[in-house]
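*Asks:* Could you have a look at this structure, given as structure tokens, before my questions?
FYI, it's all coordinate maths here, none of it is from the lab. The structure displayed is predicted, hence computed values, not measured ones. Note that we place each Cβ from the backbone using ideal geometry, even for glycine, and neighbour counts take in every protein chain shown.
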Amino acid sequence: MLISGDTAGVVRILDVGCGAGDSMQEESQLRCAQDGTTQIEIVGVDIDEEALAQGRLNYPQFIFVHAKGEKLPFPDGSFDAVISRVAIPYMDIPAALREIRRVLKADGELRIKLHPLSFSLSELAAELRSGSAVNRAKNLAYRSYVVANGAALHFGGFNFRFPLARHRCESFQTQAGIRRALLAAGFGQIDVSCWDTKITWPHAGNCRALARRSNL
């Protein structure tokens, strides 16, 4: 998929897992506050068609595309920056990071927000406090998978899909694990110093990773 023709003087930003576009609006406001003279084009991708439809109504100035983070429909080197606000934890992270690197320009910036183990455990605790015994058992099985998948990323550098529903992939992330995953995907200048795992509902902590596309 082509975005637009002339790229001269335009900063292109991709939001992976954009939902209805609120994070795109925040990014636009931030960029305009920093430099109001730069022309910005923001594209969002998500798998939720209803959220995308709402985004097109709320923010007609942005481009909304139905796509998976692991399979982005854009040419190589399409974007100056990629952002993702707590959507990466619901993807096959190594595959998504490889795709993000592919569509970034040389030295392009990546900014993502992630889920620590404390968030996954807090979700498990909440789900086990209510519902039928059957639902609690199902929730326990799924959250156990999420924890195992997070451990797989941390120790082995890979993710795997939920065996009982192959379309689902979710994990928690650690500083060391996401750093290794970013390095393996071809990123450098990695910063994971912002890593606050305290959960204050509805916020999943404040764990962020910054990186740039390596030219190697």
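*Asks:* Using only Cα atoms, tell me the angle between helix 117-128 and the longest principal axis of the chain; keep it within 0 to 90° and round to the nearest 10.
*Replies:* The helix 117-128 is inclined about 50 degrees to the chain.
*Asks:* Next question. Over the alpha-carbon set of the chain, divide Rg by the Kirkwood Rh and report the Rg/Rh ratio to two decimals.
*Replies:* Rg divided by Rh gives 0.98.
*Asks:* With angles folded into 0 to 90 degrees, how steeply does helix 93-103 sit against the dominant principal axis of the chain? Use alpha carbons for both and round to 10.
*Replies:* So the inclination is approximately 0 degrees.
*Asks:* Most mobile of I88, I178, I190 per a Gaussian network model of the chain (Cα springs, under 10 Å)?
*Replies:* In the Gaussian network model the winner is I190.
*Asks:* Run the numbers for R161 and T200: contour at 0.36 nm per residue of separation, minus the present Cα-Cα distance, in nm.
*Replies:* Gain on stretching R161 to T200: 11.2 nm.
*Asks:* Kirkwood Rh, the range 64-114, all Cα pairs: how many Å?
*Replies:* Here the Kirkwood hydrodynamic radius works out to 11.0 Å.
*Asks:* On to the next question. Would you work out which of G36, N139, A184 lies farthest towards the positive end of the dipole of the chain, given +1 charges on the beta-carbon of Lys and Arg and -1 on that of Asp and Glu, about the Cα centre?
*Replies:* The residue sitting farthest along the positive end of the dipole is N139.
*Asks:* How high is the relative contact order of the chain, in percent, with contacts defined as C-alpha pairs under 8 Å that are six or more residues apart?
*Replies:* Across the chain, relative contact order equals 19 percent.
*Asks:* To continue, here is another question. Select from the range 114-195 those trypsin sites (Lys or Arg not before Pro) which occupy a DSSP coil region and have at most 12 other Cβ atoms within 10 Å, ordered by residue number.
*Replies:* Answer in residue order: R129, R166.
*Asks:* Quick one: helix 133-156 against the long Cα principal axis of the chain, what's the angle to the nearest 10°, folded into 0 to 90?
*Replies:* Taking the Cα atoms of the chain, the angle to 133-156 is about 60 degrees.
*Asks:* With springs only between Cα atoms under 10 Å, which of A106, A204, A125 fluctuates most in a Gaussian network model of the chain?
*Replies:* A125
*Asks:* State the antiparallel share, in %, of DSSP beta bridges confined to the range 1-136, rounding to the nearest 5.
*Replies:* Here the antiparallel bridges make up roughly 5 percent for the range 1-136.
*Asks:* Of the residues E109, E170, E27, which exhibits the maximal mean-square fluctuation in a Gaussian network model of the chain defined by a 10 Å Cα contact cut-off?
*Replies:* E27
*Asks:* Run the numbers for L128 and L140: contour at 0.36 nm per residue of separation, minus the present Cα-Cα distance, in nm.
*Replies:* Net length gain for the segment: 3.6 nm.
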